[in-house]
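S.K.: Got a structure for you, questions after.
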């Protein structure tokens, strides 16, 4: 197993979500033993602490539904630089925070990949495609927009910072999708993003779908960013999220994804988002997420600890 230098970066953002609580996500992951799980596998670890909220940006947008746009725009700028800096060496692990943080983390990673001449691929593990623009969102929650923003779709002018490098939508795969708004469905129809919903997983199994995507990443010599939303998982095993959708990934499906990602040796950066400890049950969701990160970093199926709740 290749020893990685993992860098934990806490991003206590909740302004992009529809309810409060995600800002406690980084503390919950630390309390659940994320650092010990990483070092216990032999990896190097640097915990860089939590980023501090920047001053709100002076931005405006004509969509009156948008919530906290100045705050999120400032976070995106800060995170883009932080991700760019952290990705110079090692594997940054961004602990959210709601999924709006990906607009900044992936922007910085994409800039780093472009400068290195490497194609950046993105695996989006989520119940939702997060493919609204600032114009199309009805809820106004900006955590529903990052993939559209990062792939250079229209509808973000004057709201979020201009991107120095975009992600080719043909290099994005979404896994576990099961809740798509009409505007997102229309936008996704012809953009080139690979969308594997839960029916596809039911019919074909999760392994063949992921394997084909990983083969493409390897064939192009790409870097792979993984963005893991708690609601990728079924709420029966991961209740600590404000956007629950029934019928998500099972415990073993989720671990298989992480085990395959480890075997591929392609993952260069990771988001863990939408963990809301206020909605958890005795830390079970945070504990599950720590276990998934451990699988991503090399824990084998026979090495799982026995937990007592």
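S.K.: Determine, yes or no, whether residue 305 is surrounded by fewer than 23 Cβ atoms within 10 Å (Cβ to Cβ) and at pLDDT below 95.
M.R.: On the way: surrounded by fewer than 23 Cβ atoms within 10 Å (Cβ to Cβ): yes; at pLDDT below 95: yes.
Judged against the criteria, residue 305 is a match.
S.K.: Let me ask another. Consider residue 221 carefully, then state whether it is closer than 30 Å to residue 111 by Cβ and surrounded by fewer than 20 Cβ atoms within 10 Å (Cβ to Cβ).
M.R.: Values: closer than 30 Å to residue 111 by Cβ: yes; surrounded by fewer than 20 Cβ atoms within 10 Å (Cβ to Cβ): yes.
The answer is yes for residue 221.
S.K.: Select, from 80, 87, 52, 27, the only residue that is in contact with a helix residue (DSSP H, G or I) (Cβ under 9 Å, 6 or more places away or on another chain), touching a residue at least 40 places away in the same chain (Cβ under 8 Å) and surrounded by fewer than 21 Cβ atoms within 10 Å (Cβ to Cβ).
M.R.: Values: 80 fails: surrounded by fewer than 21 Cβ atoms within 10 Å (Cβ to Cβ); 87 fails: surrounded by fewer than 21 Cβ atoms within 10 Å (Cβ to Cβ); 52 fails: touching a residue at least 40 places away in the same chain (Cβ under 8 Å).
Checking each option against the conditions leaves just 27.
S.K.: Here's a follow-up. Across segment 265-302, which residue is surrounded by the fewest Cβ atoms within 10 Å (Cβ to Cβ) among those that are modelled with pLDDT under 95 and assigned to a helix (DSSP H, G or I)?
M.R.: Top of the filtered list is 302.
S.K.: Could you list all residues from segment 117-142 that are touching a strand residue (DSSP E or B) at 6+ places or on another chain (Cβ under 8 Å) and either in a helix (DSSP H, G or I) or surrounded by fewer than 20 Cβ atoms within 10 Å (Cβ to Cβ) (or both)?
M.R.: In the first step, residues of segment 117-142 are kept if they are touching a strand residue (DSSP E or B) at 6+ places or on another chain (Cβ under 8 Å); the result is 118-130.
Correct list: 118, 119.
S.K.: Sticking with this one: Being surrounded by fewer than 20 Cβ atoms within 10 Å (Cβ to Cβ) and either in a loop (DSSP other than H, G, I, E, B) or under 17 Å from the mean Cα position of the chain (by Cα) (or both), is that true of even one residue in segment 228-235?
M.R.: Within segment 228-235, the subset surrounded by fewer than 20 Cβ atoms within 10 Å (Cβ to Cβ) is 235.
Filter once more, so that each one left must be either in a loop (DSSP other than H, G, I, E, B) or under 17 Å from the mean Cα position of the chain (by Cα) (or both): 235.
Checking segment 228-235: at least one residue is surrounded by fewer than 20 Cβ atoms within 10 Å (Cβ to Cβ) and either in a loop (DSSP other than H, G, I, E, B) or under 17 Å from the mean Cα position of the chain (by Cα) (or both).
S.K.: Same structure, new question: Among the residues of segment 174-191, which ones are touching a residue at least 12 places away in the same chain (Cβ under 8 Å) and either within 18 Å of residue 227 (Cβ to Cβ) or part of a helix (DSSP H, G or I) (or both)? Give the steps one after another, and end with the answer.
M.R.: First pass over segment 174-191, keeping only residues touching a residue at least 12 places away in the same chain (Cβ under 8 Å): 174-181, 183-184, 187-188, 191.
Passing the criteria: 174, 175, 176, 177, 178, 179, 180, 183, 184, 187, 188, 191.
S.K.: Might you check whether a residue that is touching a residue at least 60 places away in the same chain (Cβ under 8 Å), crowded, with 24+ Cβ neighbours inside 10 Å and farther than 24 Å from residue 42 by Cα occurs anywhere in segment 253-264?
M.R.: For segment 253-264, residues touching a residue at least 60 places away in the same chain (Cβ under 8 Å), crowded, with 24+ Cβ neighbours inside 10 Å and farther than 24 Å from residue 42 by Cα: absent.
S.K.: Out of (1) surrounded by fewer than 21 Cβ atoms within 10 Å (Cβ to Cβ); (2) within 19 Å of residue 148 (Cα to Cα); (3) within 19 Å of the chain's Cα centre (by Cα), the odd one out for residue 63 is which?
M.R.: (3)
The values are calculated or read from the model by the stated rules, or taken from the named source; none is laboratory data. None of the values given here were measured: they were computed from a predicted structure. Here the Cβ is made from the backbone with ideal geometry for all residues, glycine too, and neighbour counts use every protein chain on show.
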